[in-house]
Amino acid sequence: MILPFFIIIPLLTAFVITLISGERDDWAVILSIIVEISLLILSVFCFFRVDGTAVIYKMSNWKAPIGIILVADSLSIFMLIIVSFIALTSLIFSVHYIRHLSPSWNYYALFMLLVTGMNGVIATGDLFNMFVFVEITLFAAYALVAYGNRAEEFEASFKYAIMGSISSAFVLLGIGITYAMTSTLTLANIAEVLKQKDPMVSLWIGGIFLAGFGLKAAIMPFHAWLPDAHSSAPAPISAMLSGVLIKALGVYVLIRLFFNVLGGIAIFNEVFVILGTISILVGGFLAMGQWDFKRLLAYSSISQVGYIFLGIGLGTWLGILGAVFHLLNHAIFKSLLFYNAGSLETAFGTRDLRKMGNVAKALPVTSFTSMVASLSISGVPPFNGFFSKLIIIIAAIQAGRPIYAFLAAIGSLITLAYYMKVQRFGFHGKNILQVEKNAVSFGMNSAMIILAVLCLVTSLLIVPGIREATLDTIVAVIMNKTGYVSQILGRQ
Amino acid sequence: MTVYLLCFALFLVGIYGIITKRDLVRIIISWGIMGYAVNLMFVLFGYKNGSIYPIFVKNAPVLPQTMVDPLPQALVLTSIVIELGNTAMLAALAVRLFQKYQTFDITKIRRLSG
């Protein structure tokens, strides 16, 4: 069984790094990159092994309602691949960036804890265990947001920590009520018991979890902490937070709870659709007014996560396909854009778009990859963002919601508008800037190039033959609401 | 039922404190109150009137029907440890904020905006 290693390996690495590191961070860098490569290989290997049926690992061989189980189905392995991949590119990008900022092995130890927590949340099949891993992730995230040691970063981190703590209290309250109602904490057993209970119980539990995990996913009424935290963190961490953390802790957990455990209640789907659409529009409009590059990207994250929620909330096969695809695409191009912002910050020491200018000569790779990422996120045809947004809009029309489809299309135009602004002022402006050579290292450039290539390559996932092997298996897990429960309970 | 309502009132006191207080330390303490309320609720969920501690002792048979549910107590222990860590984290951040801004007042700590 390789499932527990997704948690054990990064956790062990975090502690090994603290033990072996001295003044320099060389060993920490080498160790953490090796670990992320091995996790990526493991997760890709798992994806083709799982194939429709869930793999279950019983901790200490205790049976499910008593012990804690780890579950891997297509959806969770898909999330593990995204986490491992973005973490790998983020580490490659970090090496030079963190040495430039304030070199220390602490960064890598905390980074490994962040990965541990996210892998744990994704792999676990137990509600309270999930809460514990959420807390591990958040602790590491608070510390990493404040890593740069500036006043603004502590302010953002404190705001994030308070919001995160409130959401955790709500989640804990929800877990308490769930336990009182069902006398079990294993997700599959909860689903089984809730079927025989009053539907009102599911609504109460769902409402509390929506408040708790919605805060972590930063959908619109709960978004206030995101722009501060994501724009103040070091660039590779912003990429991790925007690219994977809000998805692993927010979107993934909400999908798991509301589809596989609560069984896709219609009223919550309606809530997802409405909140998603509001997020798309309001996040977009707020992003338009920003001049701080990273703040603009953070608001854009709210807007793009709105598309994912719109797709999920539609509840149809096509809608969920679009949402899952957009989740992958957003992880790729938003991380890439944050790397671009980080590379500009390293080279020019500013994030203000008005102070930038024509960087095409000075930083050709950054300029080119940012163009690719902007085109993908705005939904221009050959790139991946076009296909996922198109699928979500078509799904909305097919589900008989033309108004939402129209609003999503408007949101896409707004996205195009503010990325035009980024390109116009940030990368192709009037004042021609010069930098010394090697301001942006080979590692940073290669991380950006890998993701830019993927922006184009992941479009292939929509080609019928490949789609059936990859995206369709994930959608099948979400759509087959009873499958998760019966597979786990049947395997005792 | 009254106990649960009082417990929920404590939870609301915590939220009220976080929303209205302007002092960083008071916000942290309000959050602590919120956490205590949730922990208390956990213990109450496992409690049965007139039952005894869930420990098996030699020569004194304890029936499972007559003891309180031990699982919520185990969960509360875990959650208290997590809260300790969280409070320490928040307090550390508050100290660093004080060093940077020379104040605990959140209305004066606003370099981030928009």
Subject >> Options A:Val253, A:Ile17, A:Val440, ranked by Cα towards positive dipole end of chain A, top entry (Cβ charges) >> reply: A:Val440
Original post:
How long is the gain from A:Ile41 to A:Ile267 if the chain were fully straight, where each residue apart is worth 0.36 nm and the alpha carbon distance is subtracted?
Top reply: 77.4 nm
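Dipole magnitude of region A:136-247 about its Cα centre, charges +1 at Lys/Arg Cβ and -1 at Asp/Glu Cβ only, in debye to the nearest 20?
In total the dipole reaches around 200 debye.
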**OP:** Only loop residues by DSSP count here, and only those with at most 10 other Cβ atoms within 10 Å; note down the chymotrypsin sites (Phe, Trp or Tyr not before Pro) in region B:43-85 that meet that.
**Re:** B:Phe56
Subject >> Neighbour-count ranking [beta-carbon atoms within 10 angstrom, fewest first] of B:Lys108, A:Lys216 >> reply: B:Lys108, A:Lys216
**OP:** Using the Cα centre as the reference, give the magnitude of the dipole from point charges on the C-beta atoms of region B:2-101 (Lys, Arg: +1; Asp, Glu: -1; all else neutral), rounded to the nearest 20 debye.
**Re:** 280
Original post:
For A:Lys421, which aspartates and glutamates qualify as cross-link partners when the Cα separation must be under 20 Å and same-chain residues fewer than eight apart are set aside?
Top reply: A:Asp292, A:Glu345, A:Asp352
Original post:
region A:418-460 to region B:36-114: how many Å between their Cα centroids?
Top reply: 46
Original post:
Does anyone have the angle between helix B:2-20 and the longest principal axis of chain B? Alpha-carbon axes, 0 to 90°, nearest 10?
Top reply: 10
**OP:** Starting with the fewest neighbours, write out B:Thr103, B:Thr20 ranked by other beta-carbon atoms found within 10 Å of each beta-carbon.
**Re:** B:Thr20, B:Thr103
Original post:
On average, how many beta carbons from a partner chain sit within 10 Å of the beta carbon of a residue in B:103-112?
Top reply: 3
**OP:** Run the dipole for chain A about the Cα centre, Lys and Arg Cβ at +1, Asp and Glu Cβ at -1, nothing else charged, and hand back the magnitude in debye, nearest 20.
**Re:** 660
Original post:
Which distance in nm do the two modelled labels at A:Lys481 and A:Trp317 give, with both placed 7 Å along the Cα-to-Cβ direction?
Top reply: 1.8
Subject >> Other-chain or far-sequence residues with amide H under 5 Å of B:Met67's (modelled H) >> reply: B:Ile52
Original post:
According to a simple spin-label model (label point 7 Å from Cα along Cα-to-Cβ), what is the distance in nm between A:Ile410 and B:Arg111?
Top reply: 3.8
Original post:
Tell me, what is the FRET efficiency for B:Val13 and A:Glu152 to the nearest 0.05, using R0 = 30 angstrom and their Cβ-Cβ distance as r?
Top reply: 0.45
Subject >> Exposed GluC sites (Glu not before Pro) absent - longest run of chain A, DSSP non-H/G/I/E/B, at most 16 other C-beta within 10 Å >> reply: A:24-435
**OP:** Please name whichever of A:Val171, A:Ile267, A:Tyr484 sits farthest to the positive end of the charge dipole of chain A, dipole taken about the Cα centre and charges placed at Cβ: Lys and Arg +1, Asp and Glu -1.
**Re:** A:Ile267
**OP:** Mind pulling the angle between the C-alpha long axis of helix A:199-217 and the longest principal axis of chain A? Nearest 10 degrees, somewhere in 0 to 90.
**Re:** 20
**OP:** List the lysines whose Cα lies under 17 Å from the Cα of B:Lys21, skipping any in the same chain that are fewer than 8 positions away.
**Re:** A:Lys159, B:Lys108
Original post:
Once phi is turned into θ = phi - 60°, what whole-Hz ³J(HN,Hα) does the Karplus curve with 6.51, -1.76 and 1.60 give for every residue of region A:484-489, x standing for Gly and Pro?
Top reply: 4, 5, 5, 5, 6, 6
Original post:
Which listed residue (A:Ala87, A:Val55, A:Ala373) has the Cα farthest towards the positive end of the charge dipole for the protein assembly as shown, taking +1 on Lys and Arg C-beta and -1 on Asp and Glu C-beta about the Cα centre?
Top reply: A:Ala373
Original post:
Could you state the number of Å between the C-alpha centres of region A:158-190 and region A:76-102?
Top reply: 29
**OP:** Go from 0 up to the bin containing the longest alpha carbon distance in region B:2-101, width 5 Å each, and give me the % of pairs per bin.
**Re:** 2, 12, 16, 17, 15, 11, 9, 7, 5, 3, 2, 1, 0
**OP:** Over the whole of A:155-165, what's the average partner chain Cβ count within 10 Å per residue? Rounded to a whole number, please.
**Re:** 6
**OP:** Starting from the Cα of A:Met288, step 7 Å toward the Cβ, then list every residue of region A:352-392 with an amide N under 17 Å from that point.
**Re:** A:378-379
Subject >> Angle in degrees between helix A:127-145 and the longest Cα principal axis of chain A, rounded to the nearest 10 >> reply: 10
Subject >> In sequence order, calculated HN-Hα J values of region A:87-97 (Karplus, 6.51, -1.76, 1.60; Hz; x Gly/Pro) >> reply: 5, 5, 5, 5, 5, 4, 5, 5, 3, 6, 4
Original post:
Summing Lys, Arg as +1 and Asp, Glu as -1, what charge do residues with Cβ under 11 Å from the Cβ of A:Leu187 carry, A:Leu187 excluded?
Top reply: -1
Subject >> Selected from B:Asn49, B:Asn86, B:Asn59 as most flexible by GNM, with chain B as the system and alpha-carbon contacts under 10 Å >> reply: B:Asn59
Original post:
Quick one: A:Lys430, A:Lys421, fewest Cβ neighbours within 10 Å first, how do they rank?
Top reply: A:Lys430, A:Lys421
**OP:** Output the Kirkwood hydrodynamic radius of region A:354-492, Cα pairs only, in Å rounded to one decimal.
**Re:** 18.1
**OP:** Using just the helices of chain A, give the 222 nm mean residue ellipticity in deg cm²/dmol: DSSP H runs with n ≥ 4 each add -39,500 (n - 2.57), and the total is spread over all residues, rounded to 500.
**Re:** -23500 deg cm²/dmol
Original post:
So what is log10(I(q)/I(0)) for region A:198-288 at q = 0.20 1/Å, when the Debye sum runs over its Cα atoms only?
Top reply: -0.98
Subject >> Interchain or long-range residues, amide H under 5 Å from A:Leu433's placed H >> reply: A:Asn358
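Report the gain in length on full extension from A:Thr18 to A:Leu489: 0.36 nm times residue separation, minus Cα-Cα distance, nm rounded to one decimal.
Values: separation 471, 0.36 × 471 = 169.56 nm, distance 4.04 nm.
Value of the extension gain: 165.5 nm.
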**OP:** Label the protein assembly as shown by shape, choosing from rounded, prolate and oblate, from the square roots a ≥ b ≥ c of the eigenvalues of the Cα gyration tensor; if a/c is under 1.5 it is rounded, and otherwise prolate applies when a/b is larger than b/c, oblate when it is not.
**Re:** prolate
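All of the numbers you see were taken from the coordinates with simple rules; none came from a lab. Please read all numbers here as calculations on a predicted model, not as lab measurements. Counting neighbours? That spans all protein chains shown, and the Cβs are built from the backbone with ideal geometry, glycine included.
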